[in-house]
Structures are given as structure tokens and as C-alpha cells.
Amino acid sequence: MAALRAKWREMTWYRRILLTVMVLEILVFGVLTAAAVSRPGVPYGDGFLLPRMEGDLRIYEGTVDGEPARFTISPGGEVSYRWGDFQYGPYQVLKDQTAVPEGIPFREETGLEIRRGDAVLFRGSYDQDSPIPLTDESGEPVWDMTFSVGSIGGETTVYVDGREVSWEEQHAPRLAAVAEMALGPELEHRGSIGYYLLVTLLAVLNILQICFPGFFFRLSLLGHVRNREAAEPSDFYIGMEQLEWAFLAVVCLALYIGCCTM
């Protein structure tokens, strides 16, 4: 402990601050990465929805496009979605093997009918593993709407097939998402312990450089200078070295954030 206190006292405030930042990054993102790995969820839009039960209801909630988002699914296959202040549904998702087009296998598993009130929004088959999961009763794939963005007078406008759509319509759940939530989405894990450990190796290297700059200076002279112990770093070397410590601290921060979201 005496050696650690002596090492701390000999450091400048700049080195102390960077050292503290690096240690906090390792500890804080260690906890965050472990939490991310241990909590499976469902990717949706730019967000990640976490599941929970509320009585008989299945809930998937998180943040999508900066607003709270929540799917609620009842045991009978009723699906509701809320994004920010907008409420969508309820949608009724029913399994119906007669809805599957001829020639598609697993009829008893993939036949679906999706309703909203008395309106039939979809009738056909659903394949969770397909990039186009919905196929209607006639055998035609059901494509998601393709949005385009334009800007007039500094205001951003979103279009679908040349038609301007409202903010509410932009965030309405796609029928494929409704079907997936009703049938039970496949949960995924975010975060990577292996990636965290690799980033931590870089963080530890930076900590060692901050704590023992003299050692790394002499190590850099290996094979170039005979009397390395008598050599002294130039002001330019010291300045670049300090910039490198700060740069690596920022790089580690960005990589650690990736550990929790990848």
C-alpha cells in the first residue's frame, strides 16, 4: 500500500484523472456488459425490448427512436403496441392452417390471420426464419413499407410510395412484428464478455502506460540507444504520450459501449 500511495503522489493531476477514468470504465462497463448478457430481449427498430410477465400478459418494452415502446400480448393472441403517446391495435392474431398457400410446408404451424376489429389485415403464412416472413393466401410475399425521406424548407418529411405519412403512421408496427410478438419472438442476448475482455486488455495497457511512463519510454528505445537508462524524453515525446493516453481512453470508452449493444 505504501508503494501505491507513493506512486499516486508522484503522478500529475492529469495522470490521476486519466487513471481514474480508465479504472471506472473497466468497472462500470464490466457491470453493464454482464447485465446485458444476462438479460435477453427482442431487437425492434433501433431499440431492444426486454420481456417480462404482468399477470397473464407478456410484455416487451424498451426505447425505440428515443421514445418508450411496449408490446402487450394476451394469452388469446391479442397484441397491442404503444410508442410514445401513440397507441396501436389491438390486433387479434389467430392460427389458421387453412390460410397457408398451397405448396408451403408446416401448414399447421404457419397459418395466420391477423385482424383489427372486424377488418382482416392479413391472411396467409408466417415463417420467422425468412427475410420476408409473411406470405398471403394467394402465395404473394407481403413486403414491409419502404420509407423515403425528403426535406423542404428545413423540415423533414417521410413518404411511402410518394405519399406523405404522419409521425404516428411511421411508427405503427408492421404486421410481421405483430405476428412475431403473438407467436413468441426468439430472444437474443446483447453484450459480449469475450469482447469486453479484449477491450479490457487495451484498457490495462493504457493504465500501465499512465502508471509507468518511464518504463515504456525506455522500452521504445530498445535496439536504438545503447545507454537507455541515461536517456530523457523530449517535451514533444511527453506531449504526444499524454495525447495517446487520452486517445486510448476515448477509444476504450467507444469499444466498451459496443460491448453492451452488439
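The values are calculated or read from the model by the stated rules, or taken from the named source; none is laboratory data. Please read these numbers as outputs of a predicted model, since none were measured by experiment. In this analysis, Cβ positions are derived from the backbone assuming ideal geometry, glycine residues included, and neighbour counts consider all displayed protein chains.
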Inset, instruction - Tell me which residues, restricted to region 27-62, are buried (at least 17 other Cβ atoms within 10 Å of the Cβ) and among the β-branched types (Val, Ile, Thr). - result: 33, 42
Inset, instruction - Select from region 73-107 the residues that are of a type in the set (S, T, N, Q), modelled with pLDDT of 90 or more and under 22 Å from residue 125 (Cα atoms) and list them in ascending order. - result: 74, 80, 92
Legend entry - All positions within region 210-262 that are among the hydrophobic types (A, V, I, L, M, F, W, C), at pLDDT 80 or above and over 32 Å from the mean Cα position of the chain (by Cα): 211, 212, 236, 238, 240
Inset, instruction - Pull up region 108-119, narrow it to residues that are within 34 Å of the chain's Cα centre (by Cα) and aliphatic (A, V, I, L, M), then point me to the one that is modelled with the highest pLDDT. - result: 114
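Each row is one residue, and each column tells you yes or no for (1) in a strand (DSSP E or B); (2) charged (D, E, K, R); (3) more than 30 Å from residue 6 (Cβ to Cβ).
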residue	(1), (2), (3)
17	no, no, no
20	no, no, no
28	no, no, no
58	yes, yes, yes
70	yes, yes, yes
90	yes, no, yes
